[in-house]
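Student: Input: one structure, supplied below.
The values are calculated or read from the model by the stated rules, or taken from the named source; none is laboratory data. It should be emphasised that the depicted structure is a prediction, and the values quoted were computed from it without experimental measurement. In this analysis, Cβ positions are derived from the backbone assuming ideal geometry, glycine residues included, and neighbour counts consider all displayed protein chains.
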Amino acid sequence: MIDVGQGDSSLIITPQNKTILIDGGGSSSSDFDVGESTLIPYILDRGLTKIDVVIISHFDQDHIGGILTVLQELKVRKVYISKQTEKSENYEKFLEIVNDRKIKVYEVVAGNVIHIEKNLYFDILWPTNKQINTNVINNNGIVGNLHYKNFSMLFTGDIEEIAEKEILELYSQNNNLLKANILKVGHHGSKTSSTSEFIKAIKPQIAVIGVGKNNKFGHPNDGVLQRINDLNCKIFRTDLNGEISIEVNKNSKFKIKKQICD
């Protein structure tokens, strides 16, 4: 999980050296390009020159800003998005770039699976074809569970309580689909997300939060942190920990910095 300040960005390198980028941070300031200043240098510093799969949870600036620069500057094979029913300047910019660079774009809905390689895939859990009309961009963003053998990590974008309730109802007969070793906490730990019921259904051992230092939103919310702590779930935050590096071995054991979890 890359430290992009007040935003989300996660880079995954697979056993077969495929690269997956989920969101890319972004700044509301026109004077600072997160993609140019942080994200692309981070990627190039790891010897990477292409991205095989880009997943855009939604088109808010703090998730898409850096991605737009990556799409312009690096070779990208495929992009996955959810259906956009509300126009936004970022979405229009995105369409211009992918059309110009002839990048393949796929729309996904709940029930789709993105196969990456053997033993590694994303289950798309949200959104459905029935759109939520409240805070449309956030609540109809992609929620996906990354699976590698017996390890899983749930990426939740910026969904809020209304979407969490819909997801819990949708998977009430099979909530194993929601379980994950690691939870990427929704909406940077905002008080509008991460209900107790939702976190309990996921049963994470680790929660990670992409959030900027001293941000104006008060993220992460103290109540959210308490709810996660109450479940004996360890929290890592980019504002306190910087880059959060997770290594998963072939036996599905994972290591975060110096901590090993079964």
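Student: Please state which of the following conditions residue 19 fails to meet, knowing it meets all the rest: (1) modelled with pLDDT under 95; (2) surrounded by fewer than 24 Cβ atoms within 10 Å (Cβ to Cβ).
Tutor: (1)
Student: Right, something else. Which of the residues belonging to the range 115-134 are surrounded by 17 or more Cβ atoms within 10 Å (Cβ to Cβ) and either within 15 Å of residue 161 (Cα to Cα) or more than 18 Å from the chain's Cα centre (by Cα) (or both)?
Tutor: The answer is 126, 127, 132.
Student: Can I ask one more? Regarding the range 29-36, can at least one residue be identified that is at pLDDT below 90, among the small types (Gly, Ala, Ser) and part of a loop (DSSP other than H, G, I, E, B)? Outline the logic, then answer.
Tutor: First pass over the range 29-36, keeping only residues at pLDDT below 90: 29-36.
Still in the running and among the small types (Gly, Ala, Ser): 29-30, 35.
Now narrow it down to the ones that are part of a loop (DSSP other than H, G, I, E, B): 29-30.
Taking every residue of the range 29-36 in turn, at least one turns out to be at pLDDT below 90, among the small types (Gly, Ala, Ser) and part of a loop (DSSP other than H, G, I, E, B).
Student: Still on this structure: What pairs can you find where one residue is in the range 46-71 and in contact (Cβ under 8 Å) with a residue 40 or more places away in the chain, the other is of a type in the set (S, T, N, Q) and assigned to a helix (DSSP H, G or I), and their Cβ atoms are less than 6 Å apart, with a gap of 6+ or different chains?
Tutor: 59/90; 64/90
Student: Taking the range 204-232 as the region of interest, how many residues are under 19 Å from the mean Cα position of the chain (by Cα) and either closer than 20 Å to residue 145 by Cα or of a type in the set (A, V, I, L, M) (or both)?
Tutor: Summing the residues that are under 19 Å from the mean Cα position of the chain (by Cα) and either closer than 20 Å to residue 145 by Cα or of a type in the set (A, V, I, L, M) (or both) in the range 204-232 gives 11.
Student: Here's another thing I want to ask about it. With in contact with a helix residue (DSSP H, G or I) (Cβ under 6 Å, 6 or more places away or on another chain), in contact (Cβ under 8 Å) with a residue 24 or more places away in the chain and not β-branched (Val, Ile, Thr) as the only criterion, which of 145, 175 stands out?
Tutor: Values: 145 fails: in contact with a helix residue (DSSP H, G or I) (Cβ under 6 Å, 6 or more places away or on another chain).
The conditions single out 175.
Student: Could you list all residues from the range 217-247 that are among the charged types (D, E, K, R), outside any helix (DSSP H, G or I) and without any contact (Cβ under 8 Å) to a residue 60 or more places away in the chain? Let's see the steps before the verdict.
Tutor: Residues of the range 217-247 that are among the charged types (D, E, K, R), as a first pass: 222, 227, 230, 234, 237, 239, 243, 247.
From what is left, the residues that are outside any helix (DSSP H, G or I) are 234, 237, 243, 247.
If the condition is that a residue be among the charged types (D, E, K, R), outside any helix (DSSP H, G or I) and without any contact (Cβ under 8 Å) to a residue 60 or more places away in the chain, then 234, 237, 247 are the ones that fit.
Student: Right, another one. Going by the structure shown, is residue 165 charged (D, E, K, R) and in contact with a helix residue (DSSP H, G or I) (Cβ under 9 Å, 6 or more places away or on another chain)?
Tutor: On the way: charged (D, E, K, R): yes; in contact with a helix residue (DSSP H, G or I) (Cβ under 9 Å, 6 or more places away or on another chain): yes.
So residue 165 fits the description; yes.
Student: Which of the residues spanning the range 187-216 are part of a helix (DSSP H, G or I) and modelled with pLDDT of 90 or more? Please lay out each step first, then the result.
Tutor: The first filter runs over the range 187-216 and keeps only residues part of a helix (DSSP H, G or I), leaving 187-189, 196-202.
Those that are part of a helix (DSSP H, G or I) and modelled with pLDDT of 90 or more: 196, 197, 198, 199, 200, 201, 202.
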